[in-house]
Amino acid sequence: DYSNLQTAGEVGRAIGVLGDSKKISTDASGGTFVASDELRPPVIVTYDMKGDFTRTIDFLNGVVGLGLGDVASDSDNSWTDGANVDAHVYAGFTYDYYFKRFGRVGLDNNNIPMRSLVHPVRRQDLLIVPDDIVGPFFLNAFYAGDGVMVYGEGLPSPFVLTTLQRVNFFSGALDVVAHELTHGVTDFSSRLVYQGESGALNESFSDIMATGVEFLFQPAGAGLMRADYLIGEDVITPGGIRSLADPRAFGDPDHY
């Protein structure tokens, strides 16, 4: 006799940045589990850069490639690194949104691989890195092209922004992840140049679609992990960074 059990990847348990419990799609490899989503058509992989900024930059500049050893992993499929968890799970949610709502298969409508880079720097290095690293790699998330996302590390306690807001791991917000991935959709469709008016449209579409993703997967309401018209409110607290309902509350224009 033989086993005819046919599997499509593994499903683990995980804890997100905000302490919420969720399922995570993984793959068994070499006696451990890796953040490779085997339940959706495209390659969806989350890399844990472990704070190695040099390797992160070398990859983004095309100097080195990333391999299996760079993929986020867990020994028993019970994941506790919330930043890795949320980057991976929310990438899958965003893929599902575009497919369920619009029949679109991936960022390019042809299932381009979706690769997330988490922990590009170490939080404890905040005070010893140059200022030009703090902005993009601690206090931001960005789409790097060709299906690659980079999620900032946030700020260690007790550091806060000048607005007195705390900053958590950027992958911990569903709308942040969906916002960055939507830049990929824009890149492969309208190709809006990231400058001037077309750049403003590019950003606006990312906010709009990110809000749509929230309302598909989260209950409507105020507070953490609730669908609303704020952007980034789950990781930049309290309040987020923009409002679609009242743009002027954050100093943004409300008309053209």
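The values are calculated or read from the model by the stated rules, or taken from the named source; none is laboratory data. Remember, it's a predicted structure, so these values are computed and weren't measured experimentally. So basically every Cβ, Gly included, is an ideal-geometry build from the backbone, and we count neighbours across all protein chains shown. Just the protein is used for accessible areas: all its heavy atoms, side chains included, with ligands, DNA and RNA removed. Shrake-Rupley method; radii C 1.70, N 1.55, O 1.52, S 1.80 Å.
Put simply, the amide H of Thr26, placed in the peptide plane, has neighbours under 5 Å in Glu10, Val11, Gly12, Glu38, leaving out anything fewer than 5 places away on its chain. Note on the chain: Cα convex hull, mean projected area over all directions, 15.6 nm². Accessible surface area normalised per residue over the chain is 50 Å², counting heavy atoms of protein chains with a 1.4 Å rolling probe. Rounded, prolate or oblate, given the Cα gyration tensor of region 126-253, with a/c below 1.5 counting as rounded? Since a/c reaches 1.5 but b/c is at least a/b, the shape of region 126-253 is classed as oblate. Descending by average beta-carbon neighbour count within 10 Å, the peptides 58-67, 163-172 line up as 163-172, 58-67, the highest first. Considering region 77-199 at the alpha-carbon level, its Rg and Dmax are found to be 15.5, 46 Å.
Just need the relative contact order of the chain here, percent rounded to a whole number, with Cα pairs under 8 Å and 6+ apart. Relative contact order comes out at 15 percent.
How would region 123-181 be classified by its alpha-carbon gyration tensor: rounded, prolate or oblate, with rounded meaning a/c under 1.5 and the a/b versus b/c comparison settling the rest?
oblate
Ligands, DNA and RNA left out, the accessible area of the chain computed with a 1.4 Å probe is 54% carbon and sulfur.
Can you tell me the order of 82-93, 237-248 when each peptide is scored by its average per-residue count of other Cβ atoms within 10 angstrom, highest first?
My ranking of the peptides, most packed first, is 82-93, 237-248.
Looking at region 44-186 alone, DSSP beta bridges between its own residues are antiparallel in about 40 percent of cases.
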